[in-house]
1. I'd like the full set of residues that are of a type in the set (G, A, S), under 23 Å from Q241 (Cβ atoms) and part of a loop (DSSP other than H, G, I, E, B), limited to region 293-320.
2. Quick check on region 212-242: of everything there that is in contact with a Ser or Thr (Cβ under 9 Å, 6 or more places away or on another chain) and assigned to a helix (DSSP H, G or I), which residue is surrounded by the fewest Cβ atoms within 10 Å (Cβ to Cβ)?
3. For residues that are in a helix (DSSP H, G or I), surrounded by 14 or more Cβ atoms within 10 Å (Cβ to Cβ) and not β-branched (V, I, T), tally how many sit in region 186-211.
4. From the list K118, K147, K83, which one is under 22 Å from the mean Cα position of the chain (by Cα) and assigned to a helix (DSSP H, G or I)?
5. Sort through I58, I91 and tell me the only one that's part of a helix (DSSP H, G or I), surrounded by fewer than 21 Cβ atoms within 10 Å (Cβ to Cβ) and either touching a Leu at 6+ places or on another chain (Cβ under 9 Å) or not assigned by TED's automatic domain parsing to the domain that holds D45 (or both).
6. Scan region 113-155 residue by residue and report those that are loosely packed, with under 14 Cβ neighbours inside 10 Å and over 30 Å from D82 (Cα atoms).
7. Test each condition in (1) out of contact with any helix residue (DSSP H, G or I) (no Cβ under 8 Å at 6 or more places or on another chain); (2) crowded, with 17+ Cβ neighbours inside 10 Å for V269 and report the one that comes out false.
8. Does V203 satisfy the criteria of being under 30 Å from A114 (Cβ atoms) and either in contact with a Leu (Cβ under 6 Å, 6 or more places away or on another chain) or touching a residue at least 60 places away in the same chain (Cβ under 8 Å) (or both)?
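The values are calculated or read from the model by the stated rules, or taken from the named source; none is laboratory data. Every value quoted in this text rests on a predicted model; they were computed, and no experiment measured them. Using ideal geometry, Cβ is built from the backbone for each residue, glycine included, and neighbour counts are taken over all protein chains shown.
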Amino acid sequence: MMRQIIIIMIISFLKPIFSQAQDRLVMKNESILAEATADSLISKDEKKKAALIYITLIDKRTFSSFKTLLKACEFLLEIGEDKSAYRAMQILVNDLKYSNDEYVFSKKVFQTKALNKKWKEAFDKIKENKSIYFDDELFVQLNEVYKQDQKIRQQRYKYAQSKNQSAEDLKNINDRISVNDSLNLKIIENILNTQGWPSHAKVWEAGSAIFLVLQHAPLEKQMRYQSTLKSAAENGEISMQAYSMFEDRLNLRIGKTQKYGTQLIEDTVNKKVYLLPVSDIDSLDMFRAKVGLNPISDYVKNFGIKWSKDDYLKNLETVKELLIKRSKEE
């Protein structure tokens with residue numbers, strides 16, 4: 001009963017899209033909470049209740065991003081809610097100019113609709129969007145940036161796990177990373193300065209390369225493009241979770257505390273991992289929920305930490321010492 005009340009409360013807060021930026025942000029946060037509730041219900045096999053939330057989001061057009069809408073479309077088709085799924089697809093192709101035909105045609109749930117007249121029209125619209133909006137050259141360029149960014153970091157990770165390490169070899173890898181990051185940053189800056197953040201219709205998932213490069217860019221560049229990243233998150237081009245991670249990292253770099261608790265630090269001596277200082281420990285889970293992050297206790301469990309507020313407070317001095325040590329090494 002309580003779960004139903006919570007769902008009704010979340011849905012009741014969903015209002016038509018407002019014109020002002022602050023209202024849009026509030027709306028997005030409410031949508032993220034509703035979407036997280038739907039995901040939780042699906043994991044518990046309560047699909048009808050999850051469908052109710054997704055259908056409400058679609059009818060009120062209060063989804064947080066095209067990814068949510070696409071996921072809702074697939075889910076509703078899978079459980080036989082064809083009409084609502086089709087409404088979601090109409091918003092995707094007509095309003096959001098969705099153009100990733102390769103993804104859609106790779107999914108069995110959409111393949112089953114290939115001979116349906118109205119669905120075929122929607123699929124044809126995706127192809128049309130691709131011919132109009134998709135930038136193949138930019139897509140290839142961003143894909144290459146992404147591959148180079150990840151390739152060299154994977155090499156460093158593998159080397160760090162090996163037993164035959166030397167300080168000189170590690171320095172060589174880090175130097176190569178620095179050179180590669182600098183080259184990638186120039187590419188990303190040119191894109192952002194000349195055309196802004198490219199939409200998903202233009203580059204599909206390759207836009208994530210921009211986020212990755214800015215994640216480990218020099219502080220000056222992160223501060224310069226913070227508002228660009230925030231706008232991309234608000235417009236659904238990157239997730240609010242990703243932007244929250246960026247904001248936390250940036251705040252810590254300039255000597256502030258983090259808001260969402262996404263950043264941790266390892267003591268290389270005792271091999272313990274600690275949560276870096278947060279601005280409001282009592283409101284932390286509320287902040288996390290608003291952007292679609294799981295509770296802090298679940299998050300830190302992935303790093304071998306059993307969450308305890310008392311332990312967090314007790315370890316703050318140790319964490320501050322580790323931060324000072326890290327800043328001297330950078």
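1. G304, the sole residue that qualifies.
2. Q241
3. Summing the residues that are in a helix (DSSP H, G or I), surrounded by 14 or more Cβ atoms within 10 Å (Cβ to Cβ) and not β-branched (V, I, T) in region 186-211 gives 12.
4. K147 is the lone residue from the list that is under 22 Å from the mean Cα position of the chain (by Cα) and assigned to a helix (DSSP H, G or I).
5. Of I58, I91, the one residue that is part of a helix (DSSP H, G or I), surrounded by fewer than 21 Cβ atoms within 10 Å (Cβ to Cβ) and either touching a Leu at 6+ places or on another chain (Cβ under 9 Å) or not assigned by TED's automatic domain parsing to the domain that holds D45 (or both) is I91.
6. D136, E137, V140, K147, Q150, K151, Q154, Q155
7. (2)
8. The answer is yes for V203.
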